Amino acid sequence: MVTAAERVDVLVVDVANVVGSRPDGWWRDRQGATSRLLHRLASADLAAGRVVVVLEGAARGAAAPTGLEVVEATGSGDDAVAARVLAEHAARQCVRVVTADRGLRARLPSGVSIVGPAWLHRRLVPRPESDRP
């Protein structure tokens, strides 16, 4: 159960960082692994009004279900995450970012909640057996 204190306006997900946090064969099919994560994100209670996912590199173009805002980074994924977070924060949105990237974390404004991939994985619906390596 999510409490009101846990809710945020916007959850921004560094998808490459989250996908890469589990050694499940994602490197053989980045788009497929990303698409599977996005579908699990769309069905999870993430305590957020909006969920923004940032895709980069080979993961761009992954199939995303409705309900997620997809940002396809044309360059650095970290740059795209930081830019989106700064814009949301400047618009006075309560923002939470999912990343374990220390360099990216250091670039984010104070007042932004930052959690690691484990936080997100605990909130996702378990993967079906057919989706496991």
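The values are calculated or read from the model by the stated rules, or taken from the named source; none is laboratory data. Given the structure is predicted, the values throughout are model-derived calculations rather than measurements. Neighbour counts run over all protein chains shown; Cβ positions are idealised from the backbone, glycine included. Heads up: the accessible areas ignore ligands, DNA and RNA and are worked out on the full protein's heavy atoms, side chains in. Shrake-Rupley method; radii C 1.70, N 1.55, O 1.52, S 1.80 Å.
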Considering each residue of the stretch 99-122, count those that are among the polar types (S, T, N, Q) and crowded, with 18+ Cβ neighbours inside 10 Å, and give that number.
1
When you look at Val51, is it touching a helix residue (DSSP H, G or I) at 6+ places or on another chain (Cβ under 9 Å) and not acidic (Asp, Glu), yes or no?
yes
Of the residues Asp29, Asp45, Asp14, Asp79, which single one is open to solvent by less than 60 Å² (accessible area, probe 1.4 Å), of a type in the set (Asp, Glu) and out of contact with any Phe, Trp or Tyr (no Cβ under 8 Å at 6 or more places or on another chain)?
Asp14
Quick test of your reading of the structure: Arg96 fulfils all but one of (1) open to solvent by less than 50 Å² (accessible area, probe 1.4 Å); (2) of a type in the set (D, E, K, R); (3) in contact with a helix residue (DSSP H, G or I) (Cβ under 8 Å, 6 or more places away or on another chain). Name the failing condition by number.
(3)
When the residues of the stretch 48-58 are filtered to those that are under 13 Å from the mean Cα position of the chain (by Cα) and open to solvent by 10 Å² or more (accessible area, probe 1.4 Å), which remaining residue is farthest from Val125 (Cα to Cα)?
Glu56
Looking only at residues that are of a type in the set (Val, Ile, Thr) and loosely packed, with under 13 Cβ neighbours inside 10 Å in the stretch 59-76, which one is nearest to Gly111 (Cα to Cα)?
Thr74
Scan the stretch 26-45 and give yes if some residue there is on the phi < 0 side of the Ramachandran plot, assigned to a loop (DSSP other than H, G, I, E, B) and of a type in the set (Gly, Ala, Ser), otherwise no.
yes
Kindly establish whether Leu86 is open to solvent by 20 Å² or more (accessible area, probe 1.4 Å), in contact (Cβ under 8 Å) with a residue 12 or more places away in the chain and over 15 Å from the mean Cα position of the chain (by Cα).
yes
